[in-house]
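A quick write-up on the structure given underneath.
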Amino acid sequence: MTQPITTAAIRHYLTAAYSDDELTALCADHFPAVSDTFAAGMTKTQKIHHLLDHCQRRDLLPNLRAALHSDRPKQYEKQFEPAAPTPAPAPPPPPRAPHPIFTSRAHEVDSLIAALADPDTDVRQAAAAGLAEIGVPAIEPLIATLGVWEYGAAIQALAQIGAPAVGPLIAKLTDPDATIRRGATEALGWIGNAQAIEALIAALADPDADVRKEASFALRLSKTPNAQAALKEYYAALLRAKSDPRSRP
């Protein structure tokens, strides 16, 4: 018997259908930022919690459903009701929803920013798409929302705006608020602009562990020698920290 695809249903499906090793492999393949948070001794239940929390905060539940379907299509379709086509695992351009705020492409940044907090995922993604279309005038208002970590749609919009957002985002890597630094680091990782490499390398020494993890994930996508050298030293420092916690990177 099939069931609606709720967060609780996905949690139950992951618990029943995946072993601990299989869950770890799924995250490594589709959500490396989550697998990087897994520590020795972490239970499967804790790993599932980390995965769902990551996807909920960043509006990536459709991507998780797509990954689960592609991994085991017959088992997934037997468990859940047939759904509309889901996006590829990599964050796609958000779909537009039929909402009066967005259909006219009105340049009302404040209204679109407010819509990023809407409980409806389609509305949040449509707001992100509208802000991405506005472009440069939306950059600073979007960056201002990074203090609210749940605003994953704002990070999507900044990633779509791309290169023009890089400079303002780099400036936020020294913000006193660690949540803003985390959001800026993640957005720079999605943009993947070479201009941000040195700033991301510096973020490997951030006092906040989540900022360091986001910086390491972003740098893993870069093939430049300086990024790879910095990562090699960062991971070596992590190994040293296991034997001497005072030496953390």
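What tally of residues in the range 112-122 results from selecting those that are part of a helix (DSSP H, G or I), of a type outside the set (D, E, K, R) and within 18 Å of the chain's Cα centre (by Cα)?
1
Identify the residue in the range 22-78 that is in contact with a Leu (Cβ under 6 Å, 6 or more places away or on another chain) and β-branched (Val, Ile, Thr) and, among all such residues, is surrounded by the fewest Cβ atoms within 10 Å (Cβ to Cβ).
Filtering first and then ranking leaves Ile48.
For the range 21-44, name all the residues that are part of a helix (DSSP H, G or I) and among the aromatic types (Phe, Trp, Tyr).
None - no residue of the range 21-44 is part of a helix (DSSP H, G or I) and among the aromatic types (Phe, Trp, Tyr), so the list stays empty.
Among the residues that make up the range 124-136, is at least one of them modelled with pLDDT under 85 and not in a helix (DSSP H, G or I)?
Within the range 124-136, none of the residues are modelled with pLDDT under 85 and not in a helix (DSSP H, G or I).
Going through the range 45-79 one residue at a time, which ones are part of a loop (DSSP other than H, G, I, E, B), within 15 Å of Thr6 (Cα to Cα) and among the charged types (D, E, K, R)?
Residue satisfying the conditions is Asp59 alone.
Applying the selection to the range 133-150, what residues are within 23 Å of His54 (Cα to Cα) and crowded, with 20+ Cβ neighbours inside 10 Å?
Answer for the range 133-150, where residues must be within 23 Å of His54 (Cα to Cα) and crowded, with 20+ Cβ neighbours inside 10 Å: Leu142, Ile143, Thr145, Leu146.
Can you find a residue in the range 187-199 that is among the polar types (S, T, N, Q), in a helix (DSSP H, G or I), without any contact (Cβ under 8 Å) to a residue 24 or more places away in the chain and outside the structural domain of Ala126 (by TED's automatic domain parsing)?
No.
Identify the single condition in (1) over 18 Å from Val166 (Cβ atoms); (2) at pLDDT below 90; (3) not charged (D, E, K, R) that Ala205 does not satisfy, given that it satisfies every other one.
(2) is the only condition that Ala205 fails.
Residues of the range 19-68 being of a type in the set (Val, Ile, Thr), in contact with a helix residue (DSSP H, G or I) (Cβ under 6 Å, 6 or more places away or on another chain) and under 20 Å from Ser216 (Cα atoms), which ones?
Those that are of a type in the set (Val, Ile, Thr), in contact with a helix residue (DSSP H, G or I) (Cβ under 6 Å, 6 or more places away or on another chain) and under 20 Å from Ser216 (Cα atoms): Val34, Thr37.
What's the number of the condition Ala153 fails, among (1) part of a loop (DSSP other than H, G, I, E, B); (2) crowded, with 16+ Cβ neighbours inside 10 Å; (3) modelled with pLDDT under 90?
Unmet for Ala153, out of (1) part of a loop (DSSP other than H, G, I, E, B); (2) crowded, with 16+ Cβ neighbours inside 10 Å; (3) modelled with pLDDT under 90: (1).
Can you tell me which of (1) over 22 Å from Arg58 (Cα atoms); (2) at pLDDT 85 or above; (3) surrounded by 16 or more Cβ atoms within 10 Å (Cβ to Cβ) is the one Ala194 doesn't meet?
All conditions are met except number (3).
Taking Pro225 and the conditions (1) in contact (Cβ under 8 Å) with a residue 24 or more places away in the chain; (2) exposed (fewer than 14 other Cβ atoms within 10 Å of the Cβ); (3) over 25 Å from Ile143 (Cα atoms), which numbered condition does it fall short on, given that it satisfies the others?
Status for Pro225: all satisfied but (1).
The values are calculated or read from the model by the stated rules, or taken from the named source; none is laboratory data. Here the structure is a predicted model, which is why all the values come from computation and not from measurement. Methodologically, a virtual Cβ is constructed for each residue, glycine included, from the backbone with ideal geometry; neighbour enumeration extends over all protein chains shown.
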